[in-house]
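One structure is given below, encoded as structure tokens.
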Ligand SMILES: Nc1nc2c(ncn2[C@@H]2O[C@H](COP(=O)(O)OP(=O)(O)OP(=O)(O)O)[C@@H](O)[C@H]2O)c(=O)[nH]1
Ligand SMILES: [Mg+2]
């Protein structure tokens, strides 16, 4: 450290105020006299002392601070937090499941966050409590994305009935998905009746979000003349509705034309939800036009799939699938982390590559090793 002002040591000696960068003092374990630090530590102590029951009661009374902290516990990778987190989930479980869970995806820049801002604000004015979660299971690099979103959701973040939370970052795919699902349950117990989940990043996030929501909405835009190719067919096949966004100003007619094109394509695709016909709609997240009819579509969906039993059946399947995927992931990790197994596998795989053993024999040997090392007691 160059001097007592906690300036970084690489800063030139004659640096003026244009070097705005300062370095925070480190955590003083004892003898520190920093009031802010003491306050933080005291708060962290209190935080630890709360029981699962305290959290459960707090969040059911609509205490947003306790909700936030319960989510932090769920997101923590520490094992002591894991136990507490599970106890909280167990306590609140009877009070979950009442919200409608809506997943929102779309290419970067399609306007997902702006759409959520418009829809969320609309729902709050109608008396709903709206929780917005961003899920990014595919990447640990986009930790900062929610910061951009907070500014894009400026009105919504001021609503007292809205709660916005970024994705947990880091950890395995299954870990992030678990955290997002449990966060959703916490929000439901806290009385949020609409959960909007934005997918951030690309890759597996769409399927992972599809597997945790009731209704899946794909936001698209008109563009360089390749509207229908611009978005992967696989994603369209997951959609319960397609929303052509940015239908305003000069773009309005183009958006309407795109909606017609999408409706034609949808005609030939099998919808992902039994008994529900996926339709394309238009809206503008800036002017708000069309937002209400998007929501009416969600309500229609809930009504008709609720009546047919598809709604409940999907939730049950999703929950069981989640349990199975956690077991799968546990087993995969245990195998991958075992050094002896890794070394054995490497040798056997080399034998396959150079033709010394057949794929079937190799698989048999690898499985034999797994049985012997991990499962023979
Ligand atoms: N004209 C117009 N612009 C919009 C509309 N919706 C979003 N935008 C603009 O489009 C840009 C991207 O919007 P975002 O909401 O950040 O898009 P996103 O899909 O969340 O983007 P990522 O989170 O980066 O994937 C912003 O500049 C918005 O102001 C709309 O309905 N009309
Ligand atoms: Mg966004």
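Could the peptides 239-245, 253-259, 66-72 be put in order, highest first, of the mean number of other beta-carbon atoms found within 10 Å of their residues?
By packing density, highest mean first, the sequence is 239-245, 66-72, 253-259.
Among 265, 213, what is the fewest-to-most ranking by other Cβ atoms within 10 Å?
Least to most surrounded, the residues fall as 265, 213.
Would you list 214, 261 from fewest to most Cβ contacts within 10 Å?
Details: 214 23, 261 15.
Listing 214, 261 from fewest to most nearby Cβ atoms yields 261, 214.
Where does each of 55, 268 land when they are ranked from fewest to most other beta-carbon atoms within 10 angstrom?
On the way: 55 25, 268 6.
The most exposed by this proxy come first: 268, 55.
For a Förster distance of 45 Å, can you work out the FRET efficiency between the beta-carbons of residue 373 and residue 65, rounded to the nearest 0.05?
0.45
Grab the beta carbon distance between residue 86 and residue 260, set R0 = 56 Å, and tell me the FRET efficiency rounded to 0.05.
Values: r = 49 Å, r/R0 = 0.88.
Efficiency, rounded to the nearest 0.05: 0.70.
No lab work stands behind these numbers, since they all come straight from the coordinates. Being a predicted model, the structure only gives us computed values, none of them experimental. For neighbour counting, all protein chains shown are included, and Cβ atoms are generated from backbone atoms with ideal geometry for every residue, glycine included.
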